[in-house]
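> First, the structure itself, so that you have it in front of you.
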Amino acid sequence: METKLKSCPFCGQKDDGSTDSGLFVIQDKNGARFVYCEVCEAKGPRIKCDDVMEAIEKAKAAWNMRAGDGHMYRARCALFDQITRRKK
C-alpha cells in the first residue's frame, strides 16, 4: 500500500496524487530519499536504505510525522520492517 503524503506543514501544499502536486520524493546526491515541497522548498528527513521502495515509504512516513507523533513513526517503521522481512 502506497503512503499518501500529508500536506506541507509549512505552507499547506497538498498532495493530490498527481505528478505536479508540488510534493515529491526525490533522491539526493548520496542516494538518500526525502520529500520535497516545490512551493516553499521544505525538505523532510533524509532516509537511506538499500531497498529503494523501503526508502521511499520511510521518507513519506517521516514527512507525515508531526509534533507528538514520534511513537507512531517508530511503530510504523517497525511494522514496515516486519512486513518487508516476510517478503524476502
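We did not get these values from a lab; they are worked out from the coordinates using the rules stated. Quick caveat, the model's predicted, so the values are computed rather than measured. Because the Cβ atoms are built from the backbone with ideal geometry, glycine has one as well, and the counts that use them run over all protein chains shown.
> Given R₀ = 22 Å, what would the calculated FRET efficiency be for C40 paired with K6, taking r from the Cβ atoms and rounding to 0.05?
Once rounded, the FRET efficiency stands at 0.95.
> I would also like to ask the following. What ranking, highest mean first, results for peptides 12-24, 36-48 when packing means the other Cβ atoms within 10 Å averaged over each residue?
36-48, 12-24
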